[in-house]
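Here is the structure we will look at.
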């Protein structure tokens, strides 16, 4: 009978340790699941950040291309303006010359 009580106490002691270890395992699993959820949120945030950085870089390239196009357009407009000024000056000279020729003809 004494051996039976000792065996029962040993069983209760082992059962108590088993229950404690089971609770610790459950607690560990819950903490791990929370950490995995947190990590997955961080990964999604990092993915979004990367996508935004790529969009920004793409828009930056687009902006540079548009800027270059605008500069070329401005240069083209300046060249056209200069060409029109020269043409206007040429027309004024030709008009003066024609007026002088007409004046000479009229005086003859």
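The values are calculated or read from the model by the stated rules, or taken from the named source; none is laboratory data. Computed from a predicted structure; not experimentally measured. Neighbour counts run over all protein chains shown; Cβ positions are idealised from the backbone, glycine included.
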*Run residue 2 past the list (1) over 27 Å from the mean Cα position of the chain (by Cα); (2) surrounded by 10 or more Cβ atoms within 10 Å (Cβ to Cβ) and report the number of the one that doesn't hold.*
(2)
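Suppose we filter 104, 93, 81 for residues that are modelled with pLDDT under 95 and surrounded by 10 or more Cβ atoms within 10 Å (Cβ to Cβ); which single one remains? First the steps, then the outcome.
Numbers: 104 fails: surrounded by 10 or more Cβ atoms within 10 Å (Cβ to Cβ); 81 fails: modelled with pLDDT under 95.
Unique residue meeting the criteria: 93.
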